[in-house]
């Protein structure tokens with residue numbers, strides 16, 4: 001399923017077999033708002049209650065793995081870090097190092113794969 005917020009929510013809507021207009025009407029949102037979200041013309045809401053309401057419209061249950069992906073993609077779309085990420089005490093120490101590496105060395109796809117492997121404990125091919 002989509003790697004960006006816009007791809008993710010559009011795919012969710014298409015899987016529900018609703019047109020943009022049908023989906024918006026059923027969910028109680030203005031069709032122009034959903035269209036702008038799905039096309040990346042506006043960023044997802046940063047307010048948690050508004051984000052939860054939007055997730056509910058896309059049949060995403062708060063606290064589920066799908067919610068985690070939805071909220072993480074929303075944060076990335078807003079160019080922010082999810083608030084709950086800071087529950088892990090390592091994050092405030094890790095992020096500044098990651099940002100510096102990203103700026104100086106211009107991370108490559110291989111760098112990202114290695115980092116992902118380290119964080120998940122999975123071996124890279």
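Annotations
- Restricting 86, 94, 98 to those that are farther than 30 Å from residue 37 by Cα and either under 19 Å from the mean Cα position of the chain (by Cα) or without any contact (Cβ under 8 Å) to a residue 60 or more places away in the chain (or both) reduces the list to 94.
- Selection count, region 10-32, where residues are more than 21 Å from the chain's Cα centre (by Cα), closer than 13 Å to residue 58 by Cβ and exposed (fewer than 13 other Cβ atoms within 10 Å of the Cβ): 2
- Of all the residues in region 74-107, those that are over 24 Å from residue 8 (Cβ atoms) and either modelled with pLDDT of 85 or more or surrounded by 12 or more Cβ atoms within 10 Å (Cβ to Cβ) (or both) number 2.
- Qualifying residue in region 9-25 (condition: touching a residue at least 24 places away in the same chain (Cβ under 8 Å) and on the phi > 0 side of the Ramachandran plot): no
- Screening region 1-85 for helices (runs of 4 or more DSSP H) wholly inside it with 2 or more residues that are farther than 26 Å from residue 95 by Cα and outside the structural domain of residue 96 (by TED's automatic domain parsing) returns the ranges 5-15, 20-27, 31-38, 48-57.
The values are calculated or read from the model by the stated rules, or taken from the named source; none is laboratory data. Given the structure is predicted, the values throughout are model-derived calculations rather than measurements. Cβ: placed from backbone, ideal geometry, glycine included. Neighbour counts: every protein chain shown.
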